[in-house]
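Here the structure is laid out as structure tokens; the discussion comes afterwards.
The values are calculated or read from the model by the stated rules, or taken from the named source; none is laboratory data. Remember, predicted model here, so these are calculated numbers, not experimental data. With ideal geometry, Cβ positions are generated from the backbone for all residues, glycine too; neighbour counts draw on all protein chains shown.
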Amino acid sequence: MLRLEKRPAPSRFWLWAAPIVAVLCTMVAGGLMFAALGKNPIEALRTIFWEPLFGELAWYFRGQLLLKAGPLVLIAIGLAMGYRAGIWNIGAEGQYIIGAVVGASVGLAFYPAEHWFIFPLAILAGALGGMTWGLIPAILRVKFRTNEILVSLMLVYVAQTILAMAALGFLRNPEGNNFPGSRNLSQYPATANPELISGTGLHWGVVTALIVVLLGWLILSRHRFGFEIRLAGQAPRAARFAGVNPDRMVLICLGLSGALAGLAGIFEVTGPSGIISPDFNVGYGFTAIIVAFLGRLHPVGILLAGLLMALTYIGGEYAATNLGLPSAAVQAFQGMLLFFLLALDVFGNYRLRFGSGRAV
Amino acid sequence: MSDLLRIEGLGKTYPGVVANADVSFAIRPGEIHALLGENGAGKSTLVKMIYGLVRPDTGRMTLHAQAYAPTEPRAARASGVAMVFQHFNLFEALTVAENVALGMENPPPMKTLSARIAQVSGDYGLPLDPARRVGDLSAGERQRVEIIRCLLQSPRLLIMDEPTSVLTPQEVAILFATLRKLAAEGVSILYISHKLEEIRSLCDGATILRRGRVVASCTPRDKTAGELAEMMVGSALSAPARQPGAKGDVALEVAGLSLASPIAFGTALKDIRFAVRKGEVLGIAGVAGNGQDELLLALSGELRTAPGMVRIGGKDAGALRPTQRRALGLVAAPEERLGHAAAPDMTLTENALLSGALRRGLLGRGGFLRWGQAKDFASEIIASFDVRTPGPGAAARSLSGGNLQKFVVGRELLQSPSVVVVNQPTWGVDASAAASIRQALLDRAAQGAAVVVISQDLDELLEISDSFAALNGGRLSAPRPAQGLTVEEIGLMMGGAHGMEVAHASA
Amino acid sequence: MLGGIDPFILIASLIAASVPILLAALGEAVVERAGVLNLGVEGMMIMGAVTGFMVSVATGSPLLGFLAAMAGAMALSLIFAFLTQVMLANQVASGLALTLFGLGFSSLLGQGYVGVKPPLTTAVPFGPLADLPVIGEILFSHDWITYLSLALVGLVWFVLNRTRTGLILRAVGENAEAAHGLGYKVRRIRLLAILFGAALAGLGGAYISLVRVPQWTDGITAGAGWIALAIVVFASWRPLRVLAGAWLFGGLTVLQLNLQAAGSGIPVEYLSMAPYLITIIVLVLISSGKGRALDAPAALGQNFHASR
């Protein structure tokens, strides 16, 4: 009989082996899923994971990689800080949308003026917008003990309605022949967030993401605040004993993750997406949850996980056009990855034992 | 007379730990048999095997002259074996009757059951209202729920695991009367304890365990407490050395401290007042759940109070947070080691940082951590308090209870504090570690700190305290000099018998 | 402003509109009473919605569809049960994963079904009763799932409060260690609770795709699972209050749709964000009210591992 036995100390090996094994397991299970859909599993996996990196069109796809990983990493690092502290912000999608809408509103308010400060101002507004949206569940939790999971999620739906209002109403492009959607911010030089080095996908959002990776790592490993975050998540009572103020922790973590999601939103809408349309958001806020876990809630891990997840997006789209693989398959594939990871995580704290130990 | 339960060669090994090896003894019907041993001697594993919670690796048991190998508690109960746990298996949000029903195989309808609970509780002097929520009961009352749950199943063997740690001396006397009455009715009792005087007054026979093995068996009445202690520990223990020094100024003053409890089913503090001078040890006794946790939280700063209620070194600290109180020189060690005093999954270095960051200068500029210094601090604690561990990189949860407690107490005492507050400093700690912790507290007092020790262990308090007070229902009795206090006086300070009465001797 | 809205039709339709969230919340209340926090309600609902839709289209039988919906959601919940009960994974993360996977997997399954019409789930024929004024409209105009959901409220209440099964379930949710110490099989009991919760969530999901809408589109549950989770908190984990909560939210939804249809002056967007905003407001009101964490099961969200 197999049973689990608690390790005396957490395993460092499994901390990093788990995501790798999880990716391998997901490839096998995903292959089976593709086979069930009537596709050649090897072909499908090759199309998703190999072609974008090394195939004929790699010159195009490689640039896409950073483009898609940037927002995922930016959002996931904010989420990871909170998750480590036991604060569950799952409404990053809403904070992302609000960041984009607020930032775009500020930027477009100057249209068609040209000033150097418009772009930074719009970015700042985006971060503040996301932060405000993230602070709503934080303040409600601190003041009224409401559950931040439910509130942050409800606010996603509210944000989506606001997005629709913006795209159809107050931000609608007056010269757009009544089509939904705002003016194109990436074609308005004062707000454009262009590709900095051609073909790399590197834009200001990606640069910010890389800086945030570095800062996040520094805070978590070297700074008192990072220590307090880890303490609050692992042993809340010990954190209070140490002097951590739990309310402050909630406000900072949700505010911070909201601001980072807002940044991701405004960088997206001033760059790759260009316009505020009812469906400009593509679920980065939710996928970032997977990225955060897959990256072990660790900034460097998140960077790698973000790149991998970006690859599944790009490969998934490619497979959709090339093999007729349904685009929803990628979403299911990503969910599966999270399942395997959560399951394998047990080995970090427990080991398998054979033989019957006790009557359970 | 034939034996009720006979145990032969029982053994149980966990990876890296031999919990029990070759344990043999027997219990006669109507006998009160003591299982004596230190924390970690293997008593709990042994009774869990008898109760079917753990399966033995070797050996066999016979009950009523028939092979007995329970695979689950249900089977043990069906064979007439019942157990009162040290950590009660109770459900706070449920009523007394529901809790009792959950411990029975085929409980009668609730109405009948309530009537039977009322009847049995009357018969044995254990008053209980079946309709009350267990969460609202005191520790002593909760124990009654456990006992009545057992008695309703007419057990042949009743196992009691450290039952007196939650009782006042008066309640202990009443419990013993109940147990004697049960024994007179023919029920065998396996009584687990490390309290020697209790065993000498109650038990007919004793089996003594050390490191998982039987080291002796005896009739406890024929031995002195000292002889029993030596058999249990393996060597004679010396009482801590005390140099009664002059007491200085008041270092900690609590006045009119009243506070609602943040804990579900907790106890509110009511108008607590005391003062502790430099060099003085104040012992605070009380049965668990009478406000000890709340008092520690209010002193450590995890709970803040109205201004003026807590003064450290003359400064008003009511509104200060834990870190600010540390700055004033107050350190604290909560009762729960894993999860409150220490973070289980973090290393000892990280745990040293947890409360020592400020007073040991482990924070650098801009709030960055000095990991090197933190590691040195952890190593210093390990060395000066003889913490057995591979090193500062070990996770807190990998340490045994005694070693982690030494680490936690050491971490606080090595911050040169002027006020020390500890809750249950030696709970679940083996005798030698307990002795060294007590000595360290006394040493710190001798160096001029005011020390507050909250404990349920009266012997410990009488050994180290200068003055003595007791918590009862969130109120603190007026502190009195510890010298010359009798156990009866202490018992009354702790609330006496809490309305219990001696079992009717009708059997 | 309410002109043109018939209050009796409103009541009748709020009863119908609340069925999906009622079922899902009732199931989740049982799961949480056993000490398990399953945030995958949305995922289980949408799995139920898609499997129920597929099977009833294939067989032409709504009954088989609803049964398949329960089975589909239960199958999905087995992943959650395995993760949390066997592999001791974090319940919050596992529940989120379940929802993310369920959303993706359901749209994968439902690809060929967009625009297809499902067989009709008819009202229970009460004959002349249904023609009674007022009462007929409110009480006797519904389909059998609606009546089933109401019966389940009573059944769950009875089992939780009046039977030994319910007592054991609550005990496991209060203190898993103690229940284990008394010899109860904590994991098995929790597994069964998870499956029960999934069955009801699946049923609720299928009610959306087969009765309320009735058709299949991606993400058809549109947050109903999350609202169900909020209702459980709102109801303090009590079945009868779950019913009250579901009717309150159902009523708000219906009112909002009616206001839109009646062409009130309020912009559509404000109305369509109303249910979510009101959920937040209600959460605030109930959370700030009482002291002791709203009678939440004490072991909620904590995994249990029998150590030595």
Residue B:400 being more than 23 Å from residue A:230 (Cα to Cα) and touching a residue at least 60 places away in the same chain (Cβ under 8 Å): yes
Looking at (1) farther than 30 Å from residue C:299 by Cα; (2) touching a residue at least 12 places away in the same chain (Cβ under 8 Å), can you tell me which one residue C:112 breaks? (2)
Every residue in region A:104-159 that is under 25 Å from residue C:94 (Cα atoms) and assigned to a loop (DSSP other than H, G, I, E, B), please. A:145, A:146, A:147
Conditions (1) more than 14 Å from chain C (Cβ to nearest Cβ); (2) within 23 Å of the chain's Cα centre (by Cα); (3) not charged (D, E, K, R) -> residue B:25 fails only (2)
In this structure, is residue B:466 surrounded by fewer than 19 Cβ atoms within 10 Å (Cβ to Cβ) and not aromatic (Phe, Trp, Tyr)? no
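Just checking, how many residues over region B:131-141 are out of contact with any Lys or Arg (no Cβ under 9 Å at 6 or more places or on another chain) and modelled with pLDDT of 90 or more? Can you show your working first?
Step one: list which residues in region B:131-141 are out of contact with any Lys or Arg (no Cβ under 9 Å at 6 or more places or on another chain), which gives B:131-133, B:135-136, B:138-140.
Still in the running and modelled with pLDDT of 90 or more: B:131-133.
Result for region B:131-141: 3.
Report those helices (runs of 4 or more DSSP H) wholly inside region C:35-125 carrying at least 2 residues which are more than 24 Å from residue C:186 (Cβ to Cβ) and touching a strand residue (DSSP E or B) at 6+ places or on another chain (Cβ under 8 Å).
Values: elements: C:41-59, C:62-81, C:91-109.
Fully inside region C:35-125 and qualifying: C:41-59.
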Any residue in region C:144-161 that is surrounded by 16 or more Cβ atoms within 10 Å (Cβ to Cβ), within 14 Å of another protein chain (Cβ to nearest Cβ) and under 20 Å from the mean Cα position of the chain (by Cα)? yes
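Is it the case that residue B:268 is over 22 Å from the mean Cα position of the chain (by Cα), touching a residue at least 40 places away in the same chain (Cβ under 8 Å) and surrounded by fewer than 22 Cβ atoms within 10 Å (Cβ to Cβ)?
Numbers: over 22 Å from the mean Cα position of the chain (by Cα): no; touching a residue at least 40 places away in the same chain (Cβ under 8 Å): yes; surrounded by fewer than 22 Cβ atoms within 10 Å (Cβ to Cβ): yes.
When the stated conditions are applied, residue B:268 does not pass them.
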From the set of residues in region A:193-247 that are touching a residue at least 24 places away in the same chain (Cβ under 8 Å) and among the polar types (S, T, N, Q), which is farthest from residue B:372 (Cα to Cα)? A:193
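Residues to consider are B:179, B:175; find the one that is under 16 Å from residue B:83 (Cα atoms), crowded, with 23+ Cβ neighbours inside 10 Å and of a type in the set (A, V, I, L, M, F, W, C).
Working: B:179 fails: crowded, with 23+ Cβ neighbours inside 10 Å.
Just a single option satisfies the conditions, and that option is B:175.
Pull up region C:248-277, narrow it to residues that are of a type in the set (Phe, Trp, Tyr) and closer than 24 Å to residue A:144 by Cα, then point me to the one that is nearest to the chain's Cα centre (by Cα). Step through it out loud before you land on a result.
Looking only at region C:248-277, we keep the residues that are of a type in the set (Phe, Trp, Tyr), and these are C:249, C:270, C:276.
With the extra rule that they be closer than 24 Å to residue A:144 by Cα, the set shrinks to C:249, C:276.
Numbers: C:249: 12, C:276: 16 Å.
If we take residues in region C:248-277 being of a type in the set (Phe, Trp, Tyr) and closer than 24 Å to residue A:144 by Cα, then C:249 is nearest to the chain's Cα centre (by Cα).
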Given the criteria in contact (Cβ under 8 Å) with a residue 12 or more places away in the chain, within 29 Å of residue A:230 (Cβ to Cβ), within 14 Å of chain C (Cβ to nearest Cβ) and not in a helix (DSSP H, G or I), does residue A:86 qualify? yes
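Inspect all residues belonging to region B:386-405 and state whether any of them is more than 22 Å from the chain's Cα centre (by Cα), closer than 25 Å to residue B:254 by Cβ and surrounded by fewer than 20 Cβ atoms within 10 Å (Cβ to Cβ).
Going through region B:386-405, the residues more than 22 Å from the chain's Cα centre (by Cα) turn out to be B:386, B:388-395.
Of the ones still in play, those that are also closer than 25 Å to residue B:254 by Cβ are none.
No, every residue in region B:386-405 fails to be more than 22 Å from the chain's Cα centre (by Cα), closer than 25 Å to residue B:254 by Cβ and surrounded by fewer than 20 Cβ atoms within 10 Å (Cβ to Cβ).
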From the set of residues in region B:345-373 that are under 14 Å from residue B:410 (Cα atoms) and hydrophobic (A, V, I, L, M, F, W, C), which is nearest to the other protein chains (Cβ to nearest Cβ)? B:354
Single unsatisfied condition, residue A:168 versus (1) buried (at least 24 other Cβ atoms within 10 Å of the Cβ); (2) over 19 Å from residue A:253 (Cα atoms); (3) at the interface with chain C (Cβ under 10 Å from one of its Cβ atoms): (1)
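Here is a yes/no grid of residues against (1) farther than 26 Å from residue B:172 by Cβ; (2) assigned to a helix (DSSP H, G or I):
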| site | (1), (2) |
| --- | --- |
| B:44 | no, yes |
| B:54 | yes, no |
| B:60 | yes, no |
| B:89 | no, no |
| B:100 | no, yes |
| B:141 | no, yes |
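Filter region A:193-210 down to the residues that are outside any helix (DSSP H, G or I) and within 23 Å of residue A:108 (Cα to Cα) and list them by number. Steps first, answer last, please.
In the first step, residues of region A:193-210 are kept if they are outside any helix (DSSP H, G or I); the result is A:193-203.
Passing the criteria: A:193, A:194, A:195, A:196, A:203.
Step by step: first the residues of region C:69-122, then only those that are among the small types (Gly, Ala, Ser) and touching a Ser or Thr at 6+ places or on another chain (Cβ under 6 Å), then the one that is nearest to the other protein chains (Cβ to nearest Cβ). Which residue is that?
The initial filter retains those residues of region C:69-122 that are among the small types (Gly, Ala, Ser), namely C:69, C:71-73, C:75, C:77, C:81, C:89, C:93-95, C:97, C:102, C:104, C:106-107, C:110, C:112, C:115.
Going one step further and asking which of them are touching a Ser or Thr at 6+ places or on another chain (Cβ under 6 Å), we end up with C:69, C:72, C:94.
Numbers: C:69: 19, C:72: 14, C:94: 5 Å.
Across region C:69-122, the extreme among qualifying residues is C:94.
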Mind listing just one residue for me: the one in region C:224-249 that is within 27 Å of residue C:50 (Cα to Cα) and surrounded by fewer than 21 Cβ atoms within 10 Å (Cβ to Cβ) and, of those, farthest from the other protein chains (Cβ to nearest Cβ)? C:247
Residues in region C:255-276: is at least one hydrophobic (A, V, I, L, M, F, W, C), within 24 Å of residue C:48 (Cβ to Cβ) and within 14 Å of chain A (Cβ to nearest Cβ)? no
Applying the selection to region A:219-235, what residues are in a helix (DSSP H, G or I) and within 7 Å of another protein chain (Cβ to nearest Cβ)? A:222, A:224, A:225, A:227, A:231, A:234
Of everything in region B:54-76 that's at the interface with chain C (Cβ under 8 Å from one of its Cβ atoms) and surrounded by fewer than 23 Cβ atoms within 10 Å (Cβ to Cβ), which residue is nearest to residue B:213 (Cα to Cα)? B:54
Six or more apart or on different chains, Cβ atoms under 6 Å: show the pairs whose first residue is in region C:63-80 and at positive phi and whose second is of a type in the set (D, E, K, R) and modelled with pLDDT of 95 or more. none
For region A:282-294, does any single residue satisfy the condition of being at pLDDT below 90 and small (Gly, Ala, Ser)? yes
So if I check each of C:158, C:105, which one is of a type in the set (Phe, Trp, Tyr), within 30 Å of residue A:86 (Cα to Cα) and modelled with pLDDT of 90 or more? C:105
Select from region A:247-268 the residues that are charged (D, E, K, R) and surrounded by fewer than 24 Cβ atoms within 10 Å (Cβ to Cβ) and list them in ascending order. A:247, A:248
Taking the stated definitions as given, is residue A:291 surrounded by fewer than 20 Cβ atoms within 10 Å (Cβ to Cβ), touching a residue at least 40 places away in the same chain (Cβ under 8 Å) and closer than 26 Å to residue A:16 by Cα? no
The helices (runs of 4 or more DSSP H) lying entirely within region B:296-393 that contain at least 3 residues which are of a type in the set (Gly, Ala, Ser) are B:348-356, B:371-384
